[in-house]
1. Restricting to region A:30-66, what's the tally of residues that are in contact (Cβ under 8 Å) with a residue 12 or more places away in the chain and either over 24 Å from the mean Cα position of the chain (by Cα) or more than 8 Å from chain B (Cβ to nearest Cβ) (or both)?
2. Just one of the numbered conditions (1) part of a loop (DSSP other than H, G, I, E, B); (2) on the phi < 0 side of the Ramachandran plot; (3) touching a strand residue (DSSP E or B) at 6+ places or on another chain (Cβ under 8 Å) is not true of residue B:203; which one?
3. Give the residues of region A:11-45 that are closer than 30 Å to residue B:204 by Cβ and surrounded by fewer than 17 Cβ atoms within 10 Å (Cβ to Cβ), sorted by residue number.
4. Quick one: in region A:87-98, which of the residues that are more than 7 Å from chain B (Cβ to nearest Cβ) and outside any loop (DSSP other than H, G, I, E, B) is surrounded by the fewest Cβ atoms within 10 Å (Cβ to Cβ)?
5. Restricted to region B:319-341, and to residues that are at the interface with chain A (Cβ under 8 Å from one of its Cβ atoms) and surrounded by fewer than 20 Cβ atoms within 10 Å (Cβ to Cβ), which residue is farthest from the chain's Cα centre (by Cα)?
6. Looking at region B:137-146 only, could you name the residues that are buried (at least 24 other Cβ atoms within 10 Å of the Cβ) and farther than 22 Å from residue B:464 by Cα?
7. Given (1) at the interface with chain B (Cβ under 8 Å from one of its Cβ atoms); (2) out of contact with any helix residue (DSSP H, G or I) (no Cβ under 6 Å at 6 or more places or on another chain); (3) more than 23 Å from residue B:352 (Cβ to Cβ), where does residue A:84 come up short, assuming only one miss?
8. Any chance you could count how many residues in region A:2-29 are outside any helix (DSSP H, G or I) and either within 8 Å of chain B (Cβ to nearest Cβ) or over 17 Å from residue B:388 (Cα atoms) (or both)?
């Protein structure tokens with residue numbers, strides 16, 4: 001079951017990417033070539049196999065670690081906003097979203 | 001002094017500094033000059049000479065006050081995925097052009113000035129190193145700032161994604177560098193450039209301040225000229241970071257140089273690895289590996305036998321499946337991690353757009369290169385409704401089976417050995433139009449990455465066209481010390497790791 005150009009457009013939309021037609025066509029070929037080799041996974045019987053999300057699980061129990069719910073970071077707004085594309089008065093500027 | 005300074009490794013330079021044969025300021029100046037003379041290699045993305053020299057002066061003053069931290073005054077350089085306060089951090093991407101982090105990554109702080117009550121090792125930052133964009137690639141040709149070149153042959157790739165780190169090491173621009181390894185990004189460039197690198201167990205080093213690619217795989221590690229130097233750096237880099245990286249392991253840092261010179265318990269000085277069982281996965285040593293690489297690997301293994309090790313055949317039957325499993329899991333995590341680049345808080349914003357959605361789409365497609373967009377699309381697809389179980393979950397199940405295969409293999413051996421990559425370094429541009437070919441070349445490094453195991457690349461000789469070959473050593477979880485010991489004993493008996501490219505190759509480029 002190969003992907004179509006429509007699928008690529010849908011994925012690009014979900015991923016917030018703007019692909020022009022030649023790029024989308026090139027990506028389509030490359031994605032389908034990749035998913036050809038993914039097919040070999042189907043032949044593997046994984047019934048009852050627990051998905052492995054955290055590699056440390058293999059050798060020790062992994063507990064979710066929580067730190068105390070207290071403020072630890074100093075205010076660094078200016079340093080953090082120094083790399084922002086558009087700020088004014090300490091606020092990030094974006095195109096109007098509410099009319 | 002300065003003429004041979006760049007030939008010193010970390011241990012040697014630290015000793016010269018300690019004995020006041022050279023100051024950190026002199027070493028830093030000499031290396032900065034060498035870096036500038038080798039700009040054509042493309043190894044460095046950013047220098048801040050004032051900041052480097054200020055750190056060097058501070059190190060010299062600390063030494064004058066009688067302080068002795070392990071790397072005090074030794075210049076090192078960081079892969080550009082580690083954020084640094086005094087140098088820009090781009091991760092090799094146009095998206096982050098000019099980005100300035102307000103803080104240093106934990107690994108950077110621990111190697112340098114220290115943080116959070118952790119005493120720093122005192123190293124001086126020489127600059128930031130080129131890499132594939134967001135660490136996605138195996139040739140360093142996915143960098144938005146141009147390729148890094150292999151000092152052994154400047155028409156070849158240095159490997160990737162930590163290509164600048166490995167190239168800088170091979171060209172003797174720095175005594176050591178940091179790298180990151182998600183699917184082989186420390187081991188493969190180290191192999192291609194004839195230097196030594198170690199990817200620790202997943203979670204050994206804090207990921208805080210590493211620009212994220214695939215969070216369940218990303219791991220920091222050193223690239224240096226010898227296993228000893230790697231041990232020196234790793235001792236400073238490793239250790240828990242409980243408040244800043246929820247996946248950092250709760251295991252104290254070790255002094256990885258301890259016992260490196262000693263034979264194994266019960267072994268003799270002549271056969272220091274007596275009793276060590278090295279497993280050879282038959283799947284790593286078959287037709288998929290080119291003959292020149294196999295020949296170098298086999299003669300390195302024969303050296304391990306002379307040192308007393310025993311070679312045993314083992315099986316990693318799902319090696320082939322590591323490719324689809326990795327290239328589903330890593331892009332899935334990448335598509336999520338990279339969703340933060342929206343052109344609002346930091347990063348590239350398109351000059352023209354109609355509305356918010358258009359701003360996101362244009363900013364991201366202008367800011368990300370082709371390989372990054374490809375992986376975002378793959379990740380978006382495998383996480384999307386209706387495909388999650390068939391792809392993402394299935395890949396995670398296969399990931400567990402691959403990890404279990406390693407656990408079984410380690411019942412018969414103490415370490416696993418094989419090639420790092422199926423070939424020596426390829427020509428720049430060779431795999432540019434064929435991303436799948438590049439993915440397939442990751443076959444020997446991906447399995448250990450998926451299992452979270454520590455792995456090393458150790459220079460093991462030369463293959464086709466006189467290009468370096470790396471021997472991969474893989475250890476059980478947390479067995480970095482065992483890996484470094486075996487590699488160090490091998491390097492006491494061989495001199496592959498001391499070979500440097502002929503000077504004329506470099507000056508032709510410079």
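The values are calculated or read from the model by the stated rules, or taken from the named source; none is laboratory data. Just so we're clear, the structure is a prediction, and the values are computed from it rather than from any experiment. In this analysis, Cβ positions are derived from the backbone assuming ideal geometry, glycine residues included, and neighbour counts consider all displayed protein chains.
1. Looking only at region A:30-66, we keep the residues that are in contact (Cβ under 8 Å) with a residue 12 or more places away in the chain, and these are A:31-32, A:35.
From what's left, either over 24 Å from the mean Cα position of the chain (by Cα) or more than 8 Å from chain B (Cβ to nearest Cβ) (or both): A:32, A:35.
Residues in region A:30-66 being in contact (Cβ under 8 Å) with a residue 12 or more places away in the chain and either over 24 Å from the mean Cα position of the chain (by Cα) or more than 8 Å from chain B (Cβ to nearest Cβ) (or both): 2 in total.
2. (2)
3. Taking region A:11-45 as the starting set, the residues that turn out to be closer than 30 Å to residue B:204 by Cβ are A:41, A:44.
Matches in region A:11-45: A:44 only.
4. Just the residues of region A:87-98 that are more than 7 Å from chain B (Cβ to nearest Cβ), to begin with: A:87-91, A:93, A:96, A:98.
Narrowing further to those that are outside any loop (DSSP other than H, G, I, E, B): A:87-88, A:91.
On the way: A:87: 17, A:88: 7, A:91: 10.
The qualifying residue surrounded by the fewest Cβ atoms within 10 Å (Cβ to Cβ) is A:88.
5. First pass over region B:319-341, keeping only residues at the interface with chain A (Cβ under 8 Å from one of its Cβ atoms): B:320-321, B:323-325, B:327-328, B:335, B:339.
Adding the requirement that they be surrounded by fewer than 20 Cβ atoms within 10 Å (Cβ to Cβ) leaves B:320, B:339.
On the way: B:320: 23, B:339: 25 Å.
The extreme case among them is B:339.
6. Residues satisfying the conditions are B:137, B:142, B:143.
7. Answer for residue A:84: the failing condition is (3).
8. Just the residues of region A:2-29 that are outside any helix (DSSP H, G or I), to begin with: A:2-4, A:15-20.
Cutting the leftovers down to either within 8 Å of chain B (Cβ to nearest Cβ) or over 17 Å from residue B:388 (Cα atoms) (or both) gives us A:3-4, A:15-20.
Adding up the residues that qualify gives 8.
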